[in-house]
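J.: A single structure is presented below for examination.
The values are calculated or read from the model by the stated rules, or taken from the named source; none is laboratory data. Remember, it's a predicted structure, so these values are computed and weren't measured experimentally. Cβ: placed from backbone, ideal geometry, glycine included. Neighbour counts: every protein chain shown.
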Amino acid sequence: MGSIFDGYEELSIARVTSYVASGAMIFGGVVPYIPQYREIKRKEDSEGFSLYVCLALLIANTLRILFWFGKRFETPLLLQSILMNITMLMMVKVCINVRNKNQIIKAKERVFTDWDIKFFWKWTDFQSYLDFILLFGAIGAVVMYLFVDVLIFVETVGLVAVLTEAMLGVPQLMHNFQQQSTEGMSITMVGMWTVGDTFKTCYFIAREAPVQFAICGALQVVVDISILGQVYLYRGSKTSSRTPIRSD
């Protein structure tokens, strides 16, 4: 009887561990953005955060959702992508609201329907960002529907999705380099990126997720560590004077 109970206990522990790991995957990705969101709201200043981080994650997770229809992977990873897209749209919204509020001289409005490539992802209203992502998702859905049975196409979508996500920290890395400062960037956010991406990579390997996911996680950890290196390199540095009418 003891062995039966021991086996049942081991099974229960394994099941609870699996649930905890799945929950961490679903919600863990959005946690790092909470301190950055709060910092932007508190300081009413979004200059330290690159909106291209949001672009990279919105593209990557939209492609990952499309990839799911061609090659089913674990549901927690799908739910993570949906939740991440919602979070990134919230980040875009708060940044745009703060930038518009801080304008002393009202800048010329730039919207998605201008179709001006020079101002891509530098629009002045939140609706333009939402319209772009909805259009991108709709076009992607149609293409995936047409080519869902073409294995090489589906695998390529998965690879592009994870490589885009792997590079999500690069815009922040370049932004810090251009400013020669990490002022305004939440160090807590980047620290959480590093911990989360390390956990995520181990999760992908342990759960035998598609190989693209493990590659993505490893690249993300490298970029995260590079950004933390900038924190040390630029310690004590201040950003140069800012103009309140910048839209990028």
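J.: Any residue in region 140-150 that is surrounded by 15 or more Cβ atoms within 10 Å (Cβ to Cβ), under 18 Å from the mean Cα position of the chain (by Cα) and at pLDDT 85 or above?
T.: No: zero hits.
J.: Which condition number does Trp121 fail, the rest of (1) touching a residue at least 60 places away in the same chain (Cβ under 8 Å); (2) out of contact with any helix residue (DSSP H, G or I) (no Cβ under 8 Å at 6 or more places or on another chain) being met?
T.: (2)
J.: Let me ask another. Does region 44-55 contain at least one residue that is surrounded by fewer than 22 Cβ atoms within 10 Å (Cβ to Cβ), out of contact with any strand residue (DSSP E or B) (no Cβ under 9 Å at 6 or more places or on another chain) and at pLDDT 90 or above?
T.: Taking every residue of region 44-55 in turn, at least one turns out to be surrounded by fewer than 22 Cβ atoms within 10 Å (Cβ to Cβ), out of contact with any strand residue (DSSP E or B) (no Cβ under 9 Å at 6 or more places or on another chain) and at pLDDT 90 or above.
J.: Just give me the residues in region 62-93 being under 30 Å from Asp45 (Cα atoms), buried (at least 19 other Cβ atoms within 10 Å of the Cβ) and of a type in the set (A, V, I, L, M), in sequence order.
T.: If the condition is that a residue be under 30 Å from Asp45 (Cα atoms), buried (at least 19 other Cβ atoms within 10 Å of the Cβ) and of a type in the set (A, V, I, L, M), then Met84, Met88, Met91, Val92 are the ones that fit.
J.: Out of all the residues in region 186-213, which are among the aromatic types (Phe, Trp, Tyr) and either over 12 Å from Leu228 (Cβ atoms) or not in a helix (DSSP H, G or I) (or both)?
T.: Within region 186-213, Phe199, Tyr203, Phe204, Phe213 meet the criteria.
J.: Given the condition crowded, with 16+ Cβ neighbours inside 10 Å, over 16 Å from the mean Cα position of the chain (by Cα), in contact (Cβ under 8 Å) with a residue 60 or more places away in the chain and more than 14 Å from Gly29 (Cβ to Cβ), answer yes or no: does some residue in region 210-219 qualify?
T.: Looking through region 210-219, at least one residue is crowded, with 16+ Cβ neighbours inside 10 Å, over 16 Å from the mean Cα position of the chain (by Cα), in contact (Cβ under 8 Å) with a residue 60 or more places away in the chain and more than 14 Å from Gly29 (Cβ to Cβ).
J.: Please indicate, with yes or no, whether at least one residue in region 59-66 is in contact (Cβ under 8 Å) with a residue 60 or more places away in the chain, closer than 29 Å to Ala206 by Cα and of a type in the set (Ser, Thr, Tyr).
T.: Yes, region 59-66 contains at least one residue that is in contact (Cβ under 8 Å) with a residue 60 or more places away in the chain, closer than 29 Å to Ala206 by Cα and of a type in the set (Ser, Thr, Tyr).
J.: What about Ser81, is it of a type in the set (Gly, Ala, Ser) and closer than 15 Å to Tyr52 by Cα?
T.: It is false that Ser81 is of a type in the set (Gly, Ala, Ser) and closer than 15 Å to Tyr52 by Cα.
J.: Could you tell me how many of the residues in region 159-172 are buried (at least 20 other Cβ atoms within 10 Å of the Cβ) and part of a helix (DSSP H, G or I)?
T.: So the answer is 6.
J.: Kindly provide the set of residues from region 60-78 that are of a type in the set (A, V, I, L, M, F, W, C) and under 19 Å from Phe136 (Cα atoms), ordered by number.
T.: Ala60, Leu63, Ile65, Leu66, Phe67, Trp68, Phe69, Leu78 - these are the residues of region 60-78 that are of a type in the set (A, V, I, L, M, F, W, C) and under 19 Å from Phe136 (Cα atoms).
J.: Could you check region 186-196 and list, in sequence order, the residues that are buried (at least 16 other Cβ atoms within 10 Å of the Cβ) and either of a type in the set (A, V, I, L, M) or closer than 16 Å to Thr87 by Cβ (or both)?
T.: Of everything in region 186-196, those that are buried (at least 16 other Cβ atoms within 10 Å of the Cβ) and either of a type in the set (A, V, I, L, M) or closer than 16 Å to Thr87 by Cβ (or both) turn out to be Ser186, Met189, Val190, Met192, Trp193, Gly196.
J.: Going by the conditions given, is Glu183 assigned to a loop (DSSP other than H, G, I, E, B), surrounded by fewer than 18 Cβ atoms within 10 Å (Cβ to Cβ) and on the phi > 0 side of the Ramachandran plot?
T.: no
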